[in-house]
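Comments concern the structure below.
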Amino acid sequence: MINKNLEFNPISGKTLESEFKEWNTSNGVFKNALKDRREKEWEIYSNGNY
């Protein structure tokens with residue numbers, strides 16, 4: 001989605017932000033640390049502040 005400049009996935013019906021934040025598991029187990037990391041990474045990406 002990022003490479004194609006899509007903010008909305010027409011196949012899944014999800015936004016880029018929601019798909020981005022779904023990567024919060026390790027070996028199928030939800031991890032709060034990954035949830036927090038994805039939120040911070042999203043802020044960096046969406047604000048363009050690297």
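The values are calculated or read from the model by the stated rules, or taken from the named source; none is laboratory data. Remember, predicted model here, so these are calculated numbers, not experimental data. Cβ coordinates were reconstructed from backbone atoms using ideal geometry, including for glycine residues, and neighbour counts include every protein chain displayed. Just so you know, the surface numbers come from the protein's heavy atoms only, side chains and all, with ligands and any DNA or RNA stripped out. Shrake-Rupley method; radii C 1.70, N 1.55, O 1.52, S 1.80 Å.
Filtering segment 11-50 to residues that are farther than 14 Å from MET1 by Cα and among the polar types (S, T, N, Q) leaves ASN24, THR25, SER26, ASN27, ASN32, ASN47, ASN49.
Applying the criterion of being assigned to a helix (DSSP H, G or I), touching a helix residue (DSSP H, G or I) at 6+ places or on another chain (Cβ under 7 Å) and of a type in the set (A, V, I, L, M, F, W, C) to the residues of segment 1-44, the residue that is least open to solvent (accessible area, probe 1.4 Å) is TRP42.
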